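Participant: Following this message is one structure expressed as structure tokens.
What follows draws every value from the coordinates through simple rules; no lab data is involved. As the structure is a prediction and not an experimental result, all values here were calculated from the model. Glycine gets a Cβ as well: all are built from the backbone with ideal geometry, and neighbour counts include every protein chain shown.
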Amino acid sequence: MAHQAILTFQTRGRGTQDITRAVAEVVAAAGVACGLVQVFVQHTSCSLTITENADPDVRRDLETVMGRLAPDGDPAYRHNDEGPDDMAAHARNVLTDTGITVPIGGGRMLLGTWQGIYLWEHRTAPHRRTVVVTVLG
Amino acid sequence: MAHQAILTFQTRGRGTQDITRAVAEVVAAAGVACGLVQVFVQHTSCSLTITENADPDVRRDLETVMGRLAPDGDPAYRHNDEGPDDMAAHARNVLTDTGITVPIGGGRMLLGTWQGIYLWEHRTAPHRRTVVVTVLG
Amino acid sequence: MAHQAILTFQTRGRGTQDITRAVAEVVAAAGVACGLVQVFVQHTSCSLTITENADPDVRRDLETVMGRLAPDGDPAYRHNDEGPDDMAAHARNVLTDTGITVPIGGGRMLLGTWQGIYLWEHRTAPHRRTVVVTVLG
């Protein structure tokens, strides 16, 4: 039997926010000893990623890398209705993750010591984002 | 209990095709109220992605971005047996998704309003592609 | 009911190693006819990918592509405590997969003929890596 929760997060514009604790609370409430938890963002201009939770410079450098791979305001983009960050946000979403899955063992997520789950806003303006968390065991 | 279907799609060469409806039909037939559906492509030169389903320019711009990240005919490639798009297709596959997972709630996929599931052909020639859809609940 | 195994692998520094057989053994032992297997790496500087298992030049070329997208020793990186490959490894991890999911049918993974599952070390030095394999059916 699956357990599911819909979470909403207010972002502050482009950047990452740690949602590990919010996901862990859904896993704890599900009472599943062994299984999987899937986290899914219902949007195409933000994404999810698992990355280092210790030095915030890692996430800052990830923005630098993404800014080169999918630059804002690229004159080659045709889709720019909502501004120079519009298409860049879709490209960053495709290069990262719309959904991530983490194993559950002993009733908790089996993340490594240095792994955190991040909601990554790719638009420069703040947005309200919906995340679906599903636990199967 | 898992429900599974094997789907085949004929691609028309490089580009995206919306397979959301085909996946939704497998989910509806499974009769699972709450759970997950996983979509998996059995190939290494095409992929899956979830992206905006409204403006087709988004998918066109994604091709532009990918063409820069993994250009055809790069002289640095050693693997080019099947032509200049051969290695570029493998690289595009690795940068996007071989498998995607979508939550199911109320018996249907919990996609956002603007999210579509796309089969992304990375070879320039048309191919017949096999996609495995698995529903767990 | 879920089946889970924790595997460890010794890497030889940057590069890929085929772990398909090790994952297949966990699937066989689980005795699940139809379902999903998820493979998860508990680290942020190595990753998993599914790519071609025939010509090793494909994986060599993937290193070339990654070396351009996330170059070692980029002067723009702030996070470089562990050397020029430190931040590059985190970026390569984010651009590829921390977890991959493969469908199971007839008691075995439904991989395509040319698909292999690879553990991808992004650090230049050898590391001991932990991989969690979870089977649901």
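Participant: Taking every residue in A:45-56, how many Cβ atoms of other protein chains lie within 10 Å of its Cβ, on average? Numbers along the way, then the final one.
Facilitator: On the way: counts 4, 0, 2, 0, 5, 11, 7, 10, 1, 3, 6, 2.
Counting Cβ atoms of other protein chains within 10 Å of each residue's Cβ and averaging gives 4.
Participant: What's the center-to-center distance, using Cα atoms, between region A:74-137 and region B:4-61 in Å?
Facilitator: Going from one Cα centre to the other spans 19 Å.
Participant: Show that you can apply the helix-only estimate: for the protein assembly as shown, add -39,500 (n - 2.57) for every DSSP H stretch of four or more residues, divide by all residues, and state [θ] at 222 nm to the nearest 500. If you can, show how the numbers build up before the last one.
Facilitator: Numbers: 9 runs with 104 residues, N = 411.
Theoretical 222 nm ellipticity from helices: -8000 deg cm²/dmol.
Participant: Quickly work out the A:ALA54-to-C:ALA125 label distance, labels modelled 7 Å from Cα along the C-beta direction, and quote it in nm with one decimal.
Facilitator: Between C:ALA125 and A:ALA54, the label points sit 1.2 nm apart.
Participant: Also: Cα axis of helix B:56-69 to longest principal axis of chain B: angle in degrees, 0 to 90, nearest 10?
Facilitator: Around 50 degrees separate the two axes.
Participant: Same structure again: Rounded to the nearest 10 degrees, what's the angle between the helix B:20-30 long axis and the longest principal axis of chain B, both from Cα atoms, 0 to 90?
Facilitator: Helix B:20-30 and the main axis of chain B meet at about 30 degrees.
Participant: Another one. At 7 Å along the Cα-to-beta-carbon direction for both C:ARG21 and B:MET1, put a label point, then send me their distance in nm to one decimal.
Facilitator: So the two model labels end up 3.6 nm from each other.
Participant: Now a separate question. Modelled label-to-label distance, B:ALA76 and A:THR113, 7 Å Cα→beta-carbon offset: nm?
Facilitator: 3.4 nm
Participant: Same structure again: Residue by residue through region A:3-18, what is 3J(HN,Hα) from phi via Karplus (6.51 cos²θ - 1.76 cosθ + 1.60, θ = phi - 60°)? Round to whole Hz and write x for glycine and proline.
Facilitator: 10, 9, 9, 9, 10, 10, 10, 9, 8, 10, x, 3, x, 9, 10, 6
Participant: Averaged over peptide C:2-9, how many Cβ atoms belonging to another chain are found within 10 Å of each residue's Cβ?
Facilitator: Details: counts 10, 1, 9, 0, 3, 0, 0, 0.
So the per-residue partner count for this stretch is 3.
Participant: On to the next question. Per residue of region A:125-136, what does 6.51 cos²θ - 1.76 cosθ + 1.60 with θ = phi - 60° give for ³J(HN,Hα)? Whole Hz please, x for Gly and Pro, Karplus curve as stated.
Facilitator: So the J values, rounded to whole Hz, are 8, x, 9, 9, 10, 9, 10, 9, 10, 10, 10, 10.
Participant: With an 8 Å cut-off on Cα pairs and a minimum separation of 6 or more residues, tell me the relative contact order of region B:1-105 in percent.
Facilitator: Values: 97 pairs, mean separation 40.8, N = 105.
For region B:1-105, the relative contact order is 39 percent.
Participant: Whole-Hz Karplus ³J(HN,Hα) for region B:71-88, in order, using 6.51 cos²θ - 1.76 cosθ + 1.60 and θ = phi - 60°, x for Gly and Pro?
Facilitator: My calculation for region B:71-88 gives x, 5, x, 4, x, 7, 5, 9, 8, 9, 4, 9, x, x, 8, 5, 5, 4 Hz in order.
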